[in-house]
Amino acid sequence: MASTFTPVARTPNAMNRILPIFFFIISTFFIMITDDAEAQSKKDHIITIKTNYGDMVAILYDETPKHKANFIKLAKEHFYDSTLFHRVIEGFMIQGGDPDSKKAQPGQRLGQGGPGYTIDAEIDPKFFHEKGALSAARLGDAMNPKKASSGSQFYIVQGTKSKEADMRVDPTKFNQAMQQFLGNPANKEYVDTLRAAYGSGDRDAYQNYLMELKPKAEAETGINTDRDIDPAKLKAYTEVGGAAHLDGEYTVFGKVIQGLDIIDKIASQPKDGSDRPKEDVRMTITVEELSRKKIEKLYGYHYPETK
């Protein structure tokens with residue numbers, strides 16, 4: 001707390017000058033203690049997603065209040081109990097929350113069910129698709145230009161680790177530059193090499209060759225494809241993993257803070273042609289309210305400082 005104290009010039013007694021300063025210090029001390037106690041006693045909700053492969057514990061963000069309130073409401077109403085993780089893609093994400101999955105027959109296609117409403121998008125750039133990100137599923141842009149979220153379906157990111165060089169590239173500018181560069185008939189040899197790499201199924205070779213072409217494309221088109229990236233985001237994507245290409249497109253409203261290995265177990269299950277696990281992966285979701293201090297102690301999660 002910033003403040004200034006000016007002694008009254010006409011007061012000759014030293015004690016009279018000290019007492020106001022002493023009172024100010026003591027008052028400030030008690031205010032700080034009160035503020036700290038309030039911060040420690042403030043409560044939050046912990047979400048536990050229980051499966052036959054283990055439990056995942058998640059925190060929901062205050063900055064996405066509509067999604068947070070809706071998810072807690074549905075969980076308390078046992079809406080999610082016995083629903084499936086009906087769509088899993090290893091190296092990408094696991095998706096659930098379709099009420100039609102509760103009594104689904106083997107092989108039945110899922111993913112269209114919900115509570116009958118959507119939620120307004122609450123896309124916040126400081127929340128991104130790192131591994132463990134809890135995000136809302138939605139219909140595509142053609143039918144849903146405002147990016148409104150499904151009322152109940154969600155996905156949890158598994159993702160893969162990214163290379164730092166890739167993360168420092170602006171995807172929109174890079175695509176623009178490459179389209180112009182590869183659209184030039186004089187660069188047909190590069191197009192042929194890319195097609196061969198893509199056709200071989202070697203994703204790394206394809207991506208590596210694209211990055212090799214980056215300086216050539218920039219020089220020819222005059223488009224600078226570099227971008228600045230938040231250090232925390234760069235660290236998460238390169239060291240833990242995620243799905244950076246989803247950023248800005250879907251609402252991230254929470255994060256798994258314990259049980260990241262359970263995501264891996266579920267994502268690795270054998271699946272059918274619709275990406276549905278051949279053996280049902282059912283969930284039960286519970287909600288518990290704890291002090292934030294206890295949440296930090298139990299799960300090692302640190303709440304960001306509020307300004």
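Bear in mind these aren't lab numbers, they're just calculated from the coordinates by the rules spelled out. Note that the structure is predicted; figures quoted are calculated from it, not measured. Neighbour counts run over all protein chains shown; Cβ positions are idealised from the backbone, glycine included.
Residue by residue, what Karplus-based ³J(HN,Hα) values in Hz, rounded to whole numbers, does the stretch 224-241 have, using 6.51, -1.76 and 1.60 with θ = phi - 60° and x for Gly and Pro?
Per residue, the Karplus-derived 3J(HN,Hα) values read 7, 9, 6, 8, 8, 9, 4, x, 5, 5, 4, 5, 5, 6, 8, 9, 10, x Hz.
Could you go through the stretch 161-175 in sequence order and give the Karplus-derived ³J(HN,Hα) for each residue, using 6.51 cos²θ - 1.76 cosθ + 1.60 with θ = phi - 60°, rounded to whole Hz, and x for Gly and Pro?
6, 9, 7, 4, 4, 5, 5, 8, 9, 7, x, 5, 5, 5, 4
Using only the alpha-carbon atoms of the chain, report the extent along each of the three principal axes, biggest first, to the nearest angstrom.
91, 57, 33
Taking R0 as 51 Å, what's the FRET efficiency between Y303 and T193 from their Cβ-Cβ distance, rounded to 0.05? Spell out each step's value before the answer.
On the way: r = 49 Å, r/R0 = 0.97.
Step by step, r from the Cβ atoms, then E = 0.55.
Considering only C-alpha atoms, what is the centroid distance from the stretch 47-61 to the stretch 237-260, in Å?
The stretch 47-61 and the stretch 237-260 have Cα centres separated by 15 Å.
Only Cα pairs under 8 Å and at least 6 apart count here; give the relative contact order of the stretch 169-221 as a rounded whole percent.
Numbers: 22 pairs, mean separation 24.4, N = 53.
Computed over the stretch 169-221, the figure is 46 percent.
Where a Cα-Cα gap under 17 Å defines reach, which lysines qualify for K42, not counting those fewer than 8 residues away within the same chain?
Partners found: K68, K293, K294, K297, K307.
Relative to the present Cα-Cα distance, how much length would full extension add between D230 and H78 at 0.36 nm per residue of separation? If you can, show how the numbers build up before the last one.
Details: separation 152, 0.36 × 152 = 54.72 nm, distance 3.79 nm.
That works out to 50.9 nm of additional length.
Report, in whole Å, the centroid distance computed from the Cα atoms of the stretch 76-155 and the stretch 289-305.
With the stretch 76-155 and the stretch 289-305 each reduced to a Cα centre, they are spaced 26 Å.
Net charge near I89: determine it from the other residues with C-beta under 13 Å of the C-beta of I89, scoring Lys and Arg +1 and Asp and Glu -1.
Values: positive: R87, K271, R276; negative: E90, D264, D272, D275.
Taking every Cβ under 13 Å from that of I89, the sum is -1.
Only Cα pairs within less than 10 Å get springs; with that Gaussian network setup on the chain, which residue of Q112, Q176, Q153 has the largest fluctuation?
Q176
Would you mind classifying the stretch 169-221 by shape? Square roots of the alpha carbon gyration tensor eigenvalues, ordered a ≥ b ≥ c; an a/c under 1.5 is rounded, otherwise it is prolate if a/b is larger than b/c and oblate if not.
Judged from the Cα gyration tensor, the stretch 169-221 comes out oblate (a/c at least 1.5, b/c at or above a/b).
So what is the relative contact order of the chain, in percent, for Cα pairs below 8 Å that sit 6 or more residues apart? Kindly include the intermediate steps, with their values, before the conclusion.
Numbers: 504 pairs, mean separation 96.9, N = 307.
Relative contact order, the chain: 32 percent.
Ranked by Cβ crowding within 10 angstrom, fewest neighbours first, how are T284, T172 ordered?
The most exposed by this proxy come first: T172, T284.
Rank these for me by crowding, E305, E218, E77, E249, going from fewest to most other beta carbons within 10 Å. If you can, show how the numbers build up before the last one.
Working: E305 6, E218 18, E77 10, E249 14.
Lowest to highest Cβ neighbour count: E305, E77, E249, E218.
Could you tell me the calculated FRET efficiency between T284 and Q179, based on Cβ-Cβ distance and R0 = 35 angstrom, to the nearest 0.05? Mind showing how you got there, number by number?
Working: r = 47 Å, r/R0 = 1.35.
E(calc), rounded to 0.05, equals 0.15.
In whole Hz and in residue order, list the ³J(HN,Hα) couplings for the stretch 109-117 that follow from phi through the Karplus curve 6.51 cos²θ - 1.76 cosθ + 1.60, θ = phi - 60°; x for Gly and Pro.
Coupling constants for the stretch 109-117: 6, 10, x, 9, x, x, x, x, 8 Hz.
Are there trypsin sites (Lys or Arg not before Pro) in the stretch 88-184 that DSSP puts in a loop and that have at most 15 other Cβ atoms within 10 Å, and which ones? Walk me through the intermediate numbers first.
Values: sites: K102, K103, R109, K126, K131, R138, K146, K147, K161, K163, R168, K173; in loops: K102, K103, R109, K126, K131, R138, K146, K147, K161, K163, R168.
Listed in order of number, the matching sites are K102, K103, R109, K126, K146, K161, K163, R168.
Mind sorting Y80, Y53 by how few other Cβ atoms lie within 10 Å of their own Cβ, fewest first? Write out the running numbers ahead of the final one.
Working: Y80 24, Y53 17.
The order, fewest Cβ neighbours first, is Y53, Y80.
To the nearest 20 debye, what is the magnitude of the charge dipole of the stretch 169-221 about its Cα centre, counting +1 on the Cβ of each Lys and Arg and -1 on the Cβ of each Asp and Glu? Intermediate results must be reported in sequence, preceding the final value.
Values: 6 positive and 8 negative charges, 22 e Å.
The calculated dipole for the stretch 169-221 is roughly 100 debye.
Any chance you could get the radius of gyration and Dmax over the Cα atoms of the stretch 190-307, in Å?
20.9, 59
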